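The values are calculated or read from the model by the stated rules, or taken from the named source; none is laboratory data. Just so it is clear, the structure is predicted and the values come from calculations on it, not from any experiment. All Cβ positions, even for glycine, are placed from backbone atoms using ideal geometry, and neighbour counts span all protein chains on display.
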Amino acid sequence: MEQHALRSAELADYPFVEAIYLNSMGTMLKQLGCWDENYRRGAFHRAYRRSEASIITLAGRDIGWMQISERDFDINLAQIQILDPYCGKGIGTALIRDLMERAEQRSKSVSLSAVRANRAIDLYLRLGFKIINPDATPIIDMVYEPQLPN
């Protein structure tokens, strides 16, 4: 199996990244009855930080993207989205495990937010993330706290 890679996002990647985001969010938020494309497009425009974004590649093809913000006490996985044909192949799992390892080395937690209808929530739970407020909707916040040596 070919290995995925990350490259820094470039200005020309914006349409690709925005399209994946809108498609992914649209699918999930429509299930919850709260999709507003204009609102989501604006929210994406305000939150996207090219300096924090990476393009996920496989065999020279762009297959997804992620945005990571490192803060004082945590590393925030702001976005991770992979095109459907490449989901379920362990790529997202490997990327998140790498992020968790990086957080452990820096004695930080990993935080993320996910739409309640996101199928990746099960993955996050299996990897050790905890839901902060189980009653929150449509977005839930999750955190991974590494076991740090005493």
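Just to be sure I understand, how many residues within segment 113-140 are part of a helix (DSSP H, G or I), closer than 23 Å to Lys30 by Cα and more than 13 Å from the chain's Cα centre (by Cα)?
1
Considering only residues that are without any contact (Cβ under 8 Å) to a residue 12 or more places away in the chain and surrounded by 14 or more Cβ atoms within 10 Å (Cβ to Cβ), which ones fall in segment 127-150?
Hit for segment 127-150 is Ile131, nothing else.
In segment 1-112, which helices (runs of 4 or more DSSP H) lie fully inside it and hold 3 or more residues that are crowded, with 18+ Cβ neighbours inside 10 Å and either of a type in the set (Ser, Thr, Tyr) or touching a residue at least 40 places away in the same chain (Cβ under 8 Å) (or both)?
By residue number, 14-31, 91-105.
Scan segment 49-88 residue by residue and report those that are farther than 24 Å from Glu101 by Cα and not acidic (Asp, Glu).
Ala59, Gly60, Arg61, Leu83, Pro85
Only one of Ala59, Ala43 is farther than 13 Å from Glu18 by Cα and modelled with pLDDT under 95. Can you tell me which? Even if it seems obvious, please write down each step before you answer.
On the way: Ala43 fails: farther than 13 Å from Glu18 by Cα.
From the options Ala59, Ala43, the qualifying one is Ala59.
What are the residues in segment 113-126 that are over 14 Å from Ile80 (Cα atoms), surrounded by 13 or more Cβ atoms within 10 Å (Cβ to Cβ) and out of contact with any Ser or Thr (no Cβ under 7 Å at 6 or more places or on another chain), if any? Spell out how you get there, then give the answer.
Of segment 113-126, the ones over 14 Å from Ile80 (Cα atoms) are 116-117, 122, 125-126.
Right, trim to surrounded by 13 or more Cβ atoms within 10 Å (Cβ to Cβ) and you get 116-117.
Of everything in segment 113-126, just one residue is over 14 Å from Ile80 (Cα atoms), surrounded by 13 or more Cβ atoms within 10 Å (Cβ to Cβ) and out of contact with any Ser or Thr (no Cβ under 7 Å at 6 or more places or on another chain), namely Ala117.
Taking segment 1-40 as the region of interest, how many residues are closer than 25 Å to Ser51 by Cα, of a type outside the set (A, V, I, L, M, F, W, C) and over 17 Å from the mean Cα position of the chain (by Cα)?
Qualifying residue count, segment 1-40: 6.
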